[in-house]
Amino acid sequence: MARGFCLDKKPNPAGHQVSMSVFKRNRWAVTLSIFLITSFLVLEEVAVRRAQALPNETYEQLEAFANVLAIVQKNYVEPVSTKQLIDGAITGMLTSLDPHSAYLTPDLYRDLEVETRGSFGGLGIEITIKNNVLTVVAPIDDTPAYHAGVKAGDQIIKINDDFTKDMTLSDAVKRMRGPKGSTVKLTLHRQGVAELFTVPLERDVIKIRSVKAKEIDDGYGYVRISTFQESTDGSVHAAVEEFKKKHNGHVKGLVLDLRDNPGGLLNQAVKVADEFLDGGMIVYTQGRQENQHQKYFSHKKKDFQDYPMVVLVNAGSASASEIVAGALQDQRRAVVVGTQTFGKGSVQTILPLDDRSALRLTTARYFTPNGRSIQAVGIGPDVDIEPPKPAIASLNLPGRATIEVNPEIHEADLLRHFKNGQNEQQREQNKKDGGANGAGAHKGASSKQGTAESDAAPAVAPEKDVQLEKAVEVLRKWNTYKVQLAKTDTALVVPSAKAATTTAQ
């Protein structure tokens, strides 16, 4: 008997309810499917548009990076986490840019914040990497490194038993930092010493007293700034006011000592320069972004005193120190005495990340009021005088000793330093003339150093501070030096800050 549908059969109410329920479920499923497909198409379109905004090469390289990451994780001799590899990749990326850009782990970022407040646990030395070797830029006054005799230019070969070859600056800082009372050994190589020597150091809480002041010969004031940190400007102002108080409201003359000052906070450099200036530009910065084009000016003052002033600098004077020296030199507020400064004319911006780490990224260049770029050139002194070096005959030279000229470290010596941004002829003129408008007429005799045998850090006899003596001489003969500098100014053509800004753009 054939079976078929009976069209005139009455419908079953229960069966009708089941059919409607199935239909509703299917309708929602279809609606959800359409929504998901539409969303996917929209997201795909957005992704395509974003991809079109960047070169294909970027995505090809990211794919290559992902492949390398997978290969390393699969084949490396020991298990390694994705975070460890990514952190290492970021560190390498920043290190490949220039000597001052870096990836700051959460610990290093926290240490940096503490350091700018002037208190941290460690040894008290400013370091850099020169010719792939960890090198001391300068010890900080009254710190374990300073009292142990560590000197600018010393190469750090080992920290404890770990060789520093290929060690990043971040790793080196991390190894030297530590709680008060703990010890660390630095194995050093020094120009003029044939053998390595080891210096044991006890870590301390480095409370940097950034400003020291005293009265020196003939009633002249002396202010030393070892670093620019929070409240440095207040301490400088207090020192100057104390000098005024002692001399019936006047300052006879002032020596501002910025030697071996590695820099610090930009706003403090601006405020310190403002203390000695009566209006005019202090410094300006230029980068690729509009917000990196900044100009900083000093304030006009009702009771301003234009007393004689000398700024002392050397190869250890960097960054914020060079900003102050350059501003006072360009405005002819002070005579700069010493040797060529370090030449760090770049701005580092701290960019915090979500995991409490941060990037320290070079974002702009510094320019002095007259439009000079400090980068890889530095500030040339108006009066060039070097400290005395050991006589070659006294160094007990071995048979095949080498004699090196000027072992000081400068920005231009560092691997991957970025260029000055000004033409080569202008840079050479800056060096010859003591900056763009330095006198360049008073040159100290250059000295040479050899090598000698020693198995311990050599004893250092107290040395005459010939640079400070020269600074006092300049103050005593202030009018003579001012006339000489004025004659030099008329012989030089220096671009204005406005013209330099246009050119740099």
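Points to keep in mind about this one:
- Neighbourhood charge, 13 Å Cβ-Cβ cut-off, centred on D233 and excluding it, Lys, Arg +1 and Asp, Glu -1: -3
- Solvent-accessible area, 1.4 Å probe, carbon plus sulfur percent, for segment 243-285: 48
- Peptides 206-219, 334-347 ranked from most to least packed give 334-347, 206-219, packing being the mean of other C-beta atoms within 10 angstrom over each peptide's residues.
- Applying 0.36 nm per residue to the separation of E230 and V68 and subtracting their alpha-carbon distance, the gain on full extension is 53.9 nm.
- Computed lengthening from Q61 to K180, 0.36 nm per intervening residue step minus Cα-Cα distance: 38.3 nm
- Length released on extending from N291 to R476, taking residue separation times 0.36 nm less the Cα-Cα span: 62.2 nm
- Placing R0 at 30 angstrom, the Cβ-Cβ distance between K212 and D354 gives a FRET efficiency of 0.15 after rounding to 0.05.
- What the Cβ-Cβ distance of V483 and D306 gives, at R0 = 25 Å and to the nearest 0.05, is a FRET efficiency of 0.95.
- Cross-link pairs exceeding 32 Å between alpha carbons, from the set K151/K301; K151/K487; K300/K344; K344/K464: K151/K301; K151/K487.
- Within-9-Å neighbourhood charge of F243 [Cβ basis; K, R +1; D, E -1]: +1
- Once both labels are positioned 7 Å from their Cα atoms along Cα-to-Cβ, the gap between N75 and D171 label points is 2.3 nm.
- Amide proton proximity set for V336, modelled H, under 5 Å, gap of 5+: V311, D382, V383
- Between the amide H of V347 and those of T363, A364, R365, Y366, distances stay under 5 Å, these residues lying 5 or more places away or on another chain, with hydrogens modeled in the peptide plane.
- Spatial separation of Cα centroids for segment 289-338 and segment 207-246, in angstrom: 16
- Cα-based equivalent ellipsoid of segment 175-271: semi-axis lengths in Å, sorted from largest, via gyration tensor: 35, 18, 13
- Net charge of Cβ neighbours under 12 Å - reference Q286; Lys, Arg +1; Asp, Glu -1: +2
The values are calculated or read from the model by the stated rules, or taken from the named source; none is laboratory data. Every value quoted in this text rests on a predicted model; they were computed, and no experiment measured them. All Cβ positions, even for glycine, are placed from backbone atoms using ideal geometry, and neighbour counts span all protein chains on display. Note: areas computed on protein heavy atoms with side chains; ligands, DNA, RNA excluded. Shrake-Rupley method; radii C 1.70, N 1.55, O 1.52, S 1.80 Å.
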